[in-house]
1. Restricting attention to the range 6-57, which residues are among the aromatic types (Phe, Trp, Tyr) and more than 30 Å from TRP362 (Cβ to Cβ)?
2. Looking at the range 51-98, which of its residues are within 22 Å of PHE371 (Cα to Cα) and in a strand (DSSP E or B)?
3. Just name the residue that is nearest to the chain's Cα centre (by Cα) out of those in the range 230-260 that are in a loop (DSSP other than H, G, I, E, B) and at pLDDT 90 or above.
4. Test ILE138 against the stated conditions and say whether it is assigned by TED's automatic domain parsing to the domain that holds GLU152, in contact with a Leu (Cβ under 8 Å, 6 or more places away or on another chain) and at pLDDT below 95.
5. Just to be sure, is SER261 hydroxyl-bearing (Ser, Thr, Tyr), surrounded by fewer than 15 Cβ atoms within 10 Å (Cβ to Cβ), in the same structural domain as THR368 (by TED's automatic domain parsing) and closer than 27 Å to PRO356 by Cα?
6. Do we have ALA154 as surrounded by 19 or more Cβ atoms within 10 Å (Cβ to Cβ) and within 26 Å of the chain's Cα centre (by Cα) here?
Amino acid sequence: MGEERDVDFSLSVRDPHIRQARNKTIKTLLMYFALMTVAVWALLSVFWGSTYKLEYYFPNVKVYVYDYDSAANPNAILGPSVVQYLVGTTSTRPHMGVIVRDPSGKTFDDVASEIVGEKAWAAVVINANATSNFEQAIAGTGGLLEGEWAPEGAISLVVAGSRWFQVILEYLLPFLGRYMETPTLEASHQAAASFFSSASPDALGTLTATQQAALATPFAYQNIDLRPILPKQWAGAAPLEAGLIYYIIFAFHIAIILLFSRMPLQQSMQKQGVRISWLHTCLLRLGPVFVGYFFLSLAYSLINIAFLLPMDGNGYAGFGPQGGFMVFWMLNLLTIFALGLAMESMLTLLTLRFFPFFLISWIILNITSSFFPATLAEHFYKYGYAMPFWHTTTATKHIMWGARNRLGLNFGVLVAWCALSFCTLCLFELMWRRIEERKERKQRAKDVEGQAK
């Protein structure tokens, strides 16, 4: 027995007895390597392309400009300077999509509603008292905030940071900040020069500290974030980015575990020459999935609570923390069904042999839709508005930070994905059943023909 075992384990991969199997293995590997190379170029190009020439598409980012200063003061200094400069920036790239709006009849609350409602990405509000406050401050008759000069009240850059914090905090606000430097500096020089040109030496010698501060910095700007991500809430970035990738991976593990758990039952039925009905085959596929997804979605939701993430939209949503958690859990449950049932369906169609190519495609197409907005990419990337990731992240931003409410649309699209994958899974099971039945009929016909001969 020992000698036979030594002989069994002494076979070389170059042995001529296994040439056929060896050649088949090499061909299979070459095919997979070729497919993987194609997948790298095809799929990663989609992701790389979503950030390629990002600044080229900045004109798609609408920025409303409201000049209340000129509307309130016929001799306004700041308003015309800022408007003229911002309009001038549109002649060269990169630039934002500056749109000058009529401030008549609009309050700041109306502007805020436009930004939260995503009519525009930001608003530059030149406040009505910008020039008059400066004039009153240097005249010593007012224009102060709590007894001090506050030049940053002249201009407000209004955004909703949680809408897409990667874009707003990293690109939009820095860009607008640079936009504000030149016109505010020019207007400040003009305002100071106007005062010095008419002021007497005696008046200059008796300037108060407040007047000196106003002359030193007549105008400045401030950022107003209507839907901010507050301190200690940045863990909320996890379920918006990498967290959903991990979510797909967990769903993939469930699909693989269930696949191998069904094998003993299938092998047993095959040996006995029996087969369960198509309906019960679908129940066998879907029943354990429901249980697995239920507990996975609950765990995924609770981990966000463990890291103290808000569930009430920071007070801007129409529900409290308890109701918000239930909405969040239902969102995650529908998300895992939308993502996981699609994988179960494609695993049925492609089999385990080619399923990994769908998995990487599913991840990349989804993550691309939620990493950067389609506004800053080619028209092709608008496909992302139909992907589960986009709707999950959009709904999560509302639940956590009170960004625009699209819950009805978000839940509706996720339900549609669940229904589509449920139907295709059942149809693919039926397709393979018909294929196997056809093969069996042909085999029986051959056996009968052989017996007849």
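1. Start the filter on the range 6-57 by keeping residues that are among the aromatic types (Phe, Trp, Tyr), which leaves 9, 32-33, 41, 47-48, 52, 56-57.
Correct list: PHE9 only.
2. Start the filter on the range 51-98 by keeping residues that are within 22 Å of PHE371 (Cα to Cα), which leaves 51-63, 94-97.
Answer for the range 51-98, where residues must be within 22 Å of PHE371 (Cα to Cα) and in a strand (DSSP E or B): LYS62, VAL63, GLY97.
3. We begin by selecting, within the range 230-260, every residue in a loop (DSSP other than H, G, I, E, B); these are 230-233, 241.
Retained after the next criterion (residues that are at pLDDT 90 or above): 230-233.
Numbers: LEU230: 19, PRO231: 21, LYS232: 20, GLN233: 17 Å.
Taking the candidates together, the pick is GLN233.
4. Working: assigned by TED's automatic domain parsing to the domain that holds GLU152: yes; in contact with a Leu (Cβ under 8 Å, 6 or more places away or on another chain): yes; at pLDDT below 95: yes.
Spelling it out, ILE138 is indeed assigned by TED's automatic domain parsing to the domain that holds GLU152, in contact with a Leu (Cβ under 8 Å, 6 or more places away or on another chain) and at pLDDT below 95.
5. Values: hydroxyl-bearing (Ser, Thr, Tyr): yes; surrounded by fewer than 15 Cβ atoms within 10 Å (Cβ to Cβ): yes; in the same structural domain as THR368 (by TED's automatic domain parsing): yes; closer than 27 Å to PRO356 by Cα: yes.
Spelling it out, SER261 is indeed hydroxyl-bearing (Ser, Thr, Tyr), surrounded by fewer than 15 Cβ atoms within 10 Å (Cβ to Cβ), in the same structural domain as THR368 (by TED's automatic domain parsing) and closer than 27 Å to PRO356 by Cα.
6. Numbers: surrounded by 19 or more Cβ atoms within 10 Å (Cβ to Cβ): yes; within 26 Å of the chain's Cα centre (by Cα): no.
Taking the combined requirement at face value, the residue does not satisfy it.
Listed here are the residues, each with its yes/no results for (1) of a type in the set (Lys, Arg); (2) modelled with pLDDT under 95; (3) under 30 Å from ARG433 (Cα atoms).
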{"position": "ILE360", "(1), (2), (3)": "no, yes, yes"}
{"position": "THR368", "(1), (2), (3)": "no, yes, no"}
{"position": "ALA386", "(1), (2), (3)": "no, no, no"}
{"position": "THR392", "(1), (2), (3)": "no, no, no"}
{"position": "LEU414", "(1), (2), (3)": "no, no, yes"}
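To keep it simple, each residue is scored yes or no on (1) surrounded by fewer than 17 Cβ atoms within 10 Å (Cβ to Cβ); (2) over 36 Å from the mean Cα position of the chain (by Cα); (3) hydrophobic (A, V, I, L, M, F, W, C).
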position	(1), (2), (3)
ALA137	no, yes, yes
GLU181	yes, no, no
GLN190	yes, yes, no
PRO228	no, no, no
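The values are calculated or read from the model by the stated rules, or taken from the named source; none is laboratory data. Predicted, not measured: the structure shown is a model, and the values here were computed from it. Glycine gets a Cβ as well: all are built from the backbone with ideal geometry, and neighbour counts include every protein chain shown.
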